[in-house]
Amino acid sequence: MATAIIFGATGGIGSALARQVAGEGRYRLVLSGRRAALSGLAQSLGAEALSTDLGVELEVHALFELTGPCDLLIYAAGAVDPTPLREMTSGSWQQLMDANLTGAFYALKHARFNPGAQVVLLGVYPEFVQAPRFGAYAASKAGLEALAEVARKELRRDKVGVTLVRLPAVETGLWQPLGKAPKGALDPKDAAAQILDGLKDAPPVLELGR
Ligand SMILES: NC(=O)c1ccc[n+]([C@@H]2O[C@H](COP(=O)([O-])OP(=O)(O)OC[C@H]3O[C@@H](n4cnc5c(N)ncnc54)[C@H](OP(=O)(O)O)[C@@H]3O)[C@@H](O)[C@H]2O)c1
C-alpha cells in the first residue's frame, strides 16, 4: 500500500486533508502535528500519529526513519504572527520561519520517496500577504515558493513531483491571532477537496479560488 504523510495534520486544512485522504482508502496514512488532539484524530481515521516539532531537524529525520519511503507528502503546517517588523522578537520570527519554511526544508531534506511520489506545499498569493504586520509570513511564504521551485528541479530525476498550492483565505485557526477569517473564506473541507482534485495532473503550481 502507498504511504501518505501529512504535516500540520492537527490544523484546519491538514485535518480536512487527512479525512479525505483516509476516505480514499488508498494509503497507509501517517499524521504529524504537536497538539494532543493528534492521537485521537489518527485513531479515528485508522492512521498512525507521529508527533514532531518541525523546528527540530532530528525529530523530522526520526519521523522519516520510522515511516520509510512515501508516495504523497503534504506539508500543511504553518503559523501567522501579525506583528509589525519593528516590534517582532527574533524568537517569534524564528518560530514562524520554523513552521512555514524551515520545517519544509527539513522534510524535503530527510524524506525518502518512492518513484512517482508527489510533494505538496501550501503557499499564498503574495499580493494578499505583502501587507503591514505580515512581514515574517510574507517572507516565509516567498521562501517556500523558491524552495518548491528548486526542489522540483532537484527531485525530478527521482521522478518526484512538487506542487505549490496558492490558497485564498480558508476558515481555520490560523486566523485566530487576527480575530477571525475574512468574509468569503473557503471552508477547509472544500479547500482540501480542491487541493486533492487539483493534484491529479501533478501541476507545479495549483491556484485555488481563481
Ligand atoms: N488558512 C488560510 O487562510 C491559509 C491561506 C493560505 C495559506 N495557508 C497555509 O496553509 C497551511 C495550513 O494552514 P491552516 O489554516 O490549516 O493553519 P492551522 O489551522 O493554524 O494549522 C497549522 C498547523 O501547523 C502545525 N504547526 C505549526 N508549527 C509547527 C511546528 N513547529 N511543528 C509542528 N507542527 C507545527 C500545527 O500543529 P500543532 O498546533 O499541533 O503544533 C497545525 O497542525 C499553512 O502553511 C498556511 O500558511 C492557509
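Bear in mind that the values in this text are calculations on the coordinates, not laboratory data. The shown structure was predicted, so the numbers you read here are calculated from the model rather than taken from an experiment. Virtual Cβ from ideal backbone geometry, glycine too; neighbours counted across all protein chains shown.
Compute for the stretch 6-83: radius of gyration divided by Kirkwood radius, i.e. Rg/Rh, restricted to C-alpha atoms, rounded to two decimals. Before the final figure, lay out the partial values.
Values: Rg = 12.2 Å, Rh = 12.7 Å.
Reported Rg/Rh, Kirkwood definition of Rh: 0.96.
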Quiz item: Using only helices, what value at 222 nm comes out for the chain when you add -39,500 (n - 2.57) per DSSP H run of length 4 or more and divide by the total residues, to the nearest 500 deg cm²/dmol?
Solution: -12000 deg cm²/dmol
Practice problem: Compute the acute angle (0 to 90°) between the alpha-carbon long axis of helix 57-67 and the principal axis of greatest extent of the alpha-carbon atoms of the chain; round to the nearest 10°. | Solution: 30
Self-check item: Dipole moment magnitude, nearest 20 debye, the stretch 122-163 about Cα centre, only Lys, Arg, Asp, Glu C-beta charged
Solution: 140
Self-check item: Selection from Gly161, Gly78, Thr172 lying farthest towards where the dipole of the chain points positive, charges on Cβ
Solution: Gly161
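Taking a temperature of 10 °C and a viscosity of 1.306 mPa s, what whole-number D in µm²/s does Stokes-Einstein yield for the stretch 106-210 with Rh from Kirkwood over alpha carbon pairs? Before the final figure, lay out each step's value.
Numbers: Rh = 14.9 Å.
Answer from the Stokes-Einstein relation: 107 µm²/s.
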Practice problem: Find the centroid of the Cα atoms in the stretch 126-170 and in the stretch 1-16, then give the distance between the two in whole Å. | Solution: 18
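For the stretch 122-186, which trypsin sites (Lys or Arg not before Pro) pass both filters: DSSP loop (anything but H, G, I, E, B) and at most 13 other C-beta atoms within 10 Å? Mind showing how you got there, number by number?
Numbers: sites: Arg133, Lys141, Arg152, Lys153, Arg156, Arg157, Lys159, Arg166, Lys180, Lys183; in loops: Arg133, Lys159, Lys180, Lys183.
The qualifying sites are Lys159, Lys180, Lys183.
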Self-check item: Using θ = phi - 60° and Karplus 6.51 cos²θ - 1.76 cosθ + 1.60, couplings along the stretch 39-56 (whole Hz; Gly, Pro as x)
Solution: 5, x, 4, 4, 4, 5, 9, x, 10, 9, 10, 10, 5, 9, 8, 5, x, 10
Self-check item: Amide hydrogen neighbours beyond the local backbone of Arg133, cut-off 5 Å, H modeled
Solution: Leu85
Quiz item: In terms of Cα to Cα distance under 20 Å, which lysines are near enough to Lys189, apart from those fewer than 8 places away along the same chain?
Solution: Lys180, Lys200
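If you rank Met88, Met1, Met97 by fewest surrounding Cβ atoms within 10 Å, what's the result? Write down the numbers at each step before the final one.
On the way: Met88 16, Met1 9, Met97 19.
Ascending Cβ contact count within 10 Å gives the list Met1, Met88, Met97.
To the nearest 20 debye, what is the magnitude of the charge dipole of the stretch 2-207 about its Cα centre, counting +1 on the Cβ of each Lys and Arg and -1 on the Cβ of each Asp and Glu?
140
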Quiz item: Using a Gaussian network for the chain with springs between C-alpha atoms less than 10 Å apart, which of these wobbles most: Gln118, Gln176, Gln95?
Solution: Gln176
Quiz item: Mind checking the log10 I(q)/I(0) for the stretch 2-207 at q = 0.12, 0.15, 0.16 Å⁻¹? Debye, one equal scatterer per Cα, no solvent, two decimals.
Solution: -0.56, -0.91, -1.05
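Explain nothing, just the number: dipole magnitude of the stretch 73-175 about its Cα centre with +1 on each Lys and Arg Cβ and -1 on each Asp and Glu Cβ, in debye rounded to the nearest 20.
For this selection, approximately 440 debye.
Counting only C-alpha contacts under 8 Å and six or more residues apart, can you give the relative contact order of the stretch 2-207 as a whole percent?
Details: 381 pairs, mean separation 43.8, N = 206.
For the stretch 2-207, the relative contact order is 21 percent.
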Quiz item: Using Cα atoms only, what is the angle between the long axis of helix 12-24 and the major principal axis of the chain, expressed in degrees (0 to 90) to the nearest 10?
Solution: 20
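Over the alpha-carbon set of the stretch 39-157, divide Rg by the Kirkwood Rh and report the Rg/Rh ratio to two decimals. Please report the intermediate quantities before stating the final value.
Values: Rg = 15.5 Å, Rh = 15.5 Å.
Reported Rg/Rh (Cα atoms, Kirkwood Rh): 1.00.
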